Amino acid sequence: MMPLFYRRSDESLALKCPECGGFYLQFKNIEVFDVDEDDKNDQGLHVSVDHEVASVDRQLDSVMGKRRHGIVIRFICGECAKQSWFKINQHNGNTLVDFSII
Ligand SMILES: [Zn+2]
């Protein structure tokens with residue numbers, strides 16, 4: 001779904017929760033996926049940062065499928081406690097954005 005924002009009094013934008021529309025989303029963890037376009041062996045890199053712990057592996061098919069170059073930010077809502085993710089990835093030369101309840 002398309003991300004929605006709340007305009008704060010200082011003109012900055014706060015991302016709204018896709019479930020309740022609240023704007024107290026808190027970062028839960030962040031993942032980065034990097035796969036070379038010509039890599040036939042899916043030997044790309046996956047980096048995850050979660051609660052002050054960083055891990056690096058080659059688990060590329062969990063969230064992004066076989067798409068290359070992507071970022072996933074997981075949130076937890078401070079109002080309704082639902083979890084959501086904001087994904088940015090590349091596919092066929094386009095940069096795709098998805099914001100969904102998990
Ligand atoms: Zn919420």
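Within the group 19, 79, which residue is surrounded by 14 or more Cβ atoms within 10 Å (Cβ to Cβ) and modelled with pLDDT of 95 or more?
19
Limited to the stretch 51-89, what total is found for residues that are within 13 Å of the chain's Cα centre (by Cα) and either within 16 Å of the ligand (Cβ to nearest atom) or assigned to a strand (DSSP E or B) (or both)?
Looking only at that region, the number is 15.
The values are calculated or read from the model by the stated rules, or taken from the named source; none is laboratory data. The shown structure was predicted, so the numbers you read here are calculated from the model rather than taken from an experiment. Note that we place each Cβ from the backbone using ideal geometry, even for glycine, and neighbour counts take in every protein chain shown.
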